[in-house]
Amino acid sequence: MDDSQLDLGALEDIDPSLEGGFKIQFDREIHIETRVQDANTGPQEIGTLELVRVKILVQGEQQTFENLKIELTSETDLFFNYITIINKETYKRIREEQKLTIEYPQFLQMLIKLLNSCHKEPNHFFCVFFMQQDGAAKLDFIENLEYKFMEMLSLEFSSAPEETIRQNVSFRYNLMKAKLQFVSNRLNDIASLIKLKNPSLLVQINKASAGVSQNQSTQNASKYLGQSKKNNTSKFV
């Protein structure tokens, strides 16, 4: 194991999401419809479909956890960061208001099942995330029954504190940097091995890679020139 692998493992262990003894139980990117909700005019009628990373963590053992935390983040907007923490008392209120039938220990598996359904059957199950200007938000789980949409669960969220967002962005940046370094080191190792075993093959690979890059650049230039010509023509017609 090289130093880059060690660095990568060490970085994953200092994920700020794990602070306080939380353990990851679910971590997946899900397509979620996001809508901005105005206090006066209400939510947007048509939202935007975004790929959101949903992370579920628990504090304590899986069957006897004390707190359940859900984090929503985005790779396209590093400052998109929403959190909700649910304990037994919070869940009791959710259960009574939304007429749920399961107990708190089964809530984790229920959430995982709903999210996996949204991932595997997006036409039948989906999520809508409503955001307000003050940082408050809610996530609705919807089932499409063909003749109507049925809300299965609704959870309240809030925008993460500025310091939490800063820590999370810093962690993700450093993790990505470490991954890129690992890939770069691995490519160098492979190139060195090919050079040792079959130098002519390495020359062929480099030529082929250069040709692909050149063709891509030519195609991009052709598209640009074609679009420019089209735009210029439309101006004078």
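Bear in mind that the values in this text are calculations on the coordinates, not laboratory data. Note that the coordinates shown come from a computational prediction; the quantities given were computed from them, not determined experimentally. No Cβ is skipped: glycine too gets one built from the backbone with ideal geometry, and neighbour counts run over all protein chains shown.
Data for the structure
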{"item": "Alpha-carbon Rg/Rh ratio, for segment 148-216, with Rh computed the Kirkwood way", "result": "1.36"}
{"item": "Isotropic mean projected area of the C-alpha convex hull, segment 15-126 (nm²)", "result": "8.5 nm²"}
{"item": "Relative contact order (%) - segment 57-108, alpha-carbon pairs under 8 angstrom, separation at least six", "result": "27 percent"}
{"item": "Dipole magnitude (debye, nearest 20) for segment 12-124, charges at Cβ of Lys, Arg, Asp, Glu", "result": "500 debye"}
{"item": "Label-point gap, in nm, between Leu196 and Phe79 - each point 7 angstrom along Cα→Cβ", "result": "4.8 nm"}
{"item": "Alpha-carbon centroid distance for the pair segment 135-154 / segment 49-100, whole angstrom", "result": "16 Å"}
